[in-house]
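Student: Following this message is one structure expressed as structure tokens.
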């Protein structure tokens, strides 16, 4: 199923400048328009929205990066405590290394679960931008991938 946003989706690559200690460093960040929700996010250069019938909402993928952004529903966690379980990420098993971050407009929870195939690194985040509540989710095999998804979720803005 093709989505109408695909025609108007704009990836505006930016050379975001990060100022640290008075020096300039190039950032490999692109501005991605999530037109379905009327917001933008920063994601690794080369990221794009992928049309996937297997995923609700928007799946944004890039180099060593993936995140699913959906409208929050009544079934989604409303606070970090309820998001801090593996079940909130759709995982079985027990979680370790659970970290919660309270944001001014929501929260991020990162957690690690161990399976027979190794560790899985998950993110569950909720952001309210204007009148729109969004959920960010990812479960990946590398901590750096999860951390990139957390940074992208933090960056969501009007």
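Any read-out appearing in this document is the output of simple, stated calculations on the displayed coordinates, not a laboratory observation. On a predicted model such as this, the values are computed, not experimentally measured, just so you know. Counting neighbours? That spans all protein chains shown, and the Cβs are built from the backbone with ideal geometry, glycine included.
Student: With label points built 7 Å along Cα→Cβ from the Cα atoms of residue 157 and residue 75, find their separation and express it in nm.
Tutor: For residue 157 paired with residue 75, the spin-label model returns 3.4 nm.
Student: How far is it, in nm, from the label point at residue 64 to the one at residue 119 when both lie 7 Å from their Cα along the line to the Cβ?
Tutor: 1.6 nm
Student: For residue 27 and residue 103, calculate 0.36 nm times their separation in residues minus their Cα-Cα distance, and state this gained length in nm to one decimal.
Tutor: Extra length from residue 27 to residue 103 when fully extended: 25.0 nm.
Student: Related question: Report the extension gain between residue 112 and residue 48 in nm, rounded to one decimal, defined as 0.36 nm multiplied by the number of residues separating them, less their alpha carbon distance.
Tutor: 20.4 nm
Student: Can you sort 135, 141, 41 from fewest to most other Cβ atoms within 10 Å of each residue's own Cβ?
Tutor: With the sparsest Cβ surroundings first, the list reads 141, 135, 41.
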